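Quick note: the coordinates plus some simple rules give every number you see, no bench work behind them. No experiment lies behind these values; they were computed from the predicted model shown. In this analysis, Cβ positions are derived from the backbone assuming ideal geometry, glycine residues included, and neighbour counts consider all displayed protein chains.
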Amino acid sequence: MRRTRRNFLVVGTGAGIAIAGAVGYEGWRYFAKQYPPTPYDDLLSYLSDREAAKQIGRAFLATNRGFTPANAAAALRKRIGARPISNVLHDELAAGDIVEATHWLLPQTLVGLCALAATT
């Protein structure tokens, strides 16, 4: 194959698209806020905005003194299991398993995740 300007442009464009795709696919991990590791990271990964979740969690904890992170994490892991979090939250809303936090009625699992975030 001869080296021509067209071949160079085609290969260079293809490589550029592949690099841009890789950065777009994995780049968000480098620019997202990093938190110190906790024993509850498997649960906290369900929260897209941990800072907002902490606010809800602190409001819940202010009126619920019996919350312990280890017990809550065990209960949350059992409740969620291998199901998608969206299904868990939908099922709780349908069953009426809701909790009041900051004058909002939220699914019990979501409030538990927020309270867990507030304790880390």
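Label ASP49 and LYS78 with points 7 Å out from Cα along Cα→Cβ: what is the distance between them in nm?
In this crude label model, ASP49 to LYS78 measures out at 3.2 nm.
Once R0 is set to 41 Å, what does the formula 1/(1 + (r/R0)^6) return for the Cβ-Cβ distance between GLU100 and ILE17, expressed as a FRET efficiency to the nearest 0.05?
Values: r = 50 Å, r/R0 = 1.21.
Computed FRET efficiency for GLU100 and ILE17 comes out at 0.25.
Grab the other residues whose beta carbon is less than 13 angstrom from that of LEU116, score K and R as +1, D and E as -1, and report the net.
On the way: positive: ARG50, LYS54, ARG58, ARG77, ARG79; negative: ASP41, ASP42.
Local net charge: +3.
Please go through segment 27-120 and write out the chymotrypsin sites (Phe, Trp or Tyr not before Pro) that DSSP classes as loop and that have at most 11 other C-beta atoms within 10 Å.
Sparse-neighbourhood loop chymotrypsin sites (Phe, Trp or Tyr not before Pro): none present.
For ALA62, what charge total do you get from the other residues with a beta carbon under 13 Å from its beta carbon, if Lys and Arg give +1 and Asp and Glu give -1? Please report the intermediate quantities before stating the final value.
Details: positive: LYS54, ARG58, ARG65; negative: GLU100.
Every neighbour counted, the sum reads +2.
Search the structure for amide H atoms under 5 Å from the amide H of ALA101, placed 1.01 Å from N in the peptide plane, and list their residues when 5 or more places away or on another chain.
Amide H to amide H, under 5 Å and 5 or more residues apart or across chains, ALA101 pairs with LEU106.
With a point put 7 Å past each Cα toward its Cβ, work out how far ARG58 is from LEU93 in nm, to one decimal.
It works out to 2.7 nm between the two label points.
Quick one: net charge of GLY12's neighbours, Cβ under 13 Å, K/R +1, D/E -1? Let's see the in-between values first.
Working: positive: ARG3, ARG5, ARG6; negative: none.
Net of charged neighbours comes to +3.
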